[in-house]
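Q: The structure follows.
The values are calculated or read from the model by the stated rules, or taken from the named source; none is laboratory data. Just so you know, these numbers come straight off a predicted model, no measurement behind them. Positions of Cβ are generated from backbone atoms using ideal geometry, with glycine treated the same way; all protein chains shown enter the neighbour counts. All accessible areas refer to the heavy atoms of the entire protein, side chains included, with ligands and DNA or RNA removed. Shrake-Rupley method; radii C 1.70, N 1.55, O 1.52, S 1.80 Å.
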Amino acid sequence: RYGFLLAMDESQAQVAIDQGLWEPYKPTTWDQIPAGLKDPAGNWVGAYYGIMAFGTNTTIVKTAPKTFADLKDPQYKGKVALNGDPRKAGAAFAAVMAASLANGGSADDIMPGIKFYAELKKSGNLIATQVTPATVLSGETPIAIDWSYNFPSLAKKLQDGGQTTEINFPSDGVYGSYYAQGVIKG
């Protein structure tokens with residue numbers, strides 16, 4: 001009777017509500033879910049949460065960055081990568097938001113984050129290679145900026161391959177978010 005579960009950010013979830021794509025469903029834990037993490041009509045609930053983090057392959061990069069400001073250091077030339085294109089990927093957009101917060105921006109002013117990555121690209125530190133498990137494991141993306149929940153399994157795979165890793169939450173640009181998950185009609 002039902003389709004599949006779909007996870008998306010809250011703004012996309014609202015589009016799905018407006019288009020009548022959700023089948024309202026309230027899980028058995030509905031009353032335990034905070035109001036801000038669910039649609040009142042049961043169209044979606046917050047499914048999982050992450051914080052922007054830096055995953056560094058410390059076999060390749062000896063000193064892991066701990067702040068967005070650190071990423072400007074010339075020692076990181078050709079080593080910093082995003083998980084996707086910020087115009088299309090939630091993780092990459094969140095990385096721009098976090099950099100914006102680190103550089104005087106806000107939820108209403110993302111331009112400092114855009115400028116930060118433009119400068120990082122111009123310096124050669126930001127590479128075009130997108131973060132994927134394969135690029136992390138191969139060493140193509142030794143400093144990956146991504147959601148925190150993506151790193152534990154990658155860290156284990158790196159460790160299994162004889163490499164080391166360090167995961168840091170940038171202290172100058174803390175940004176977290178959740179994905180909305182709901183049941184698709186039909």
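Q: The conditions are (1) within 30 Å of residue 33 (Cβ to Cβ); (2) at pLDDT 90 or above; (3) outside any helix (DSSP H, G or I); (4) open to solvent by less than 30 Å² (accessible area, probe 1.4 Å), and residue 167 fails exactly one of them. Which is it?
A: (4)
Q: Still on this structure: Restricting the search to the range 170-186, which residues are in a loop (DSSP other than H, G, I, E, B) and surrounded by fewer than 19 Cβ atoms within 10 Å (Cβ to Cβ)?
A: Result: 171, 172, 174, 185, 186.
Q: Next question, about the same structure. Filter the range 104-127 down to the residues that are in a loop (DSSP other than H, G, I, E, B) and in contact (Cβ under 8 Å) with a residue 40 or more places away in the chain, then identify the one that is least open to solvent (accessible area, probe 1.4 Å).
A: Checked the range 104-127; the qualifying residue least open to solvent (accessible area, probe 1.4 Å) is 125.
Q: Looking at residue 66, is it in contact (Cβ under 8 Å) with a residue 40 or more places away in the chain, in contact with a helix residue (DSSP H, G or I) (Cβ under 9 Å, 6 or more places away or on another chain) and surrounded by fewer than 17 Cβ atoms within 10 Å (Cβ to Cβ)?
A: Considered against the rule, which asks whether it is in contact (Cβ under 8 Å) with a residue 40 or more places away in the chain, in contact with a helix residue (DSSP H, G or I) (Cβ under 9 Å, 6 or more places away or on another chain) and surrounded by fewer than 17 Cβ atoms within 10 Å (Cβ to Cβ), residue 66 comes out as no.
Q: Something else now. Run residue 146 past the list (1) within 16 Å of the chain's Cα centre (by Cα); (2) surrounded by fewer than 17 Cβ atoms within 10 Å (Cβ to Cβ); (3) charged (D, E, K, R) and report the number of the one that doesn't hold.
A: Answer for residue 146: the failing condition is (2).
Q: Here is a further query. Collect the residues in the range 74-101 that are in a loop (DSSP other than H, G, I, E, B) and more than 17 Å from residue 141 (Cβ to Cβ), keeping them in residue-number order.
A: Residues satisfying the conditions are 87, 88.
Q: Restricting the search to the range 150-164, which residues are open to solvent by 50 Å² or more (accessible area, probe 1.4 Å), assigned to a loop (DSSP other than H, G, I, E, B) and in contact with a helix residue (DSSP H, G or I) (Cβ under 9 Å, 6 or more places away or on another chain)?
A: 161, 164
Q: Can you tell me which residue within the range 128-143, out of those that are outside any helix (DSSP H, G or I) and among the polar types (S, T, N, Q), is surrounded by the fewest Cβ atoms within 10 Å (Cβ to Cβ)?
A: Step by step, filter the range 128-143, then rank; the result is 129.
Q: All but one of (1) open to solvent by less than 40 Å² (accessible area, probe 1.4 Å); (2) closer than 14 Å to residue 54 by Cα hold for residue 85; state the number of the condition that does not hold.
A: (2)
Q: Being of a type in the set (S, T, N, Q), part of a loop (DSSP other than H, G, I, E, B), under 22 Å from residue 149 (Cβ atoms) and open to solvent by less than 30 Å² (accessible area, probe 1.4 Å) is the filter here; which residues of the range 10-62 pass it?
A: Matches in the range 10-62: 58 only.
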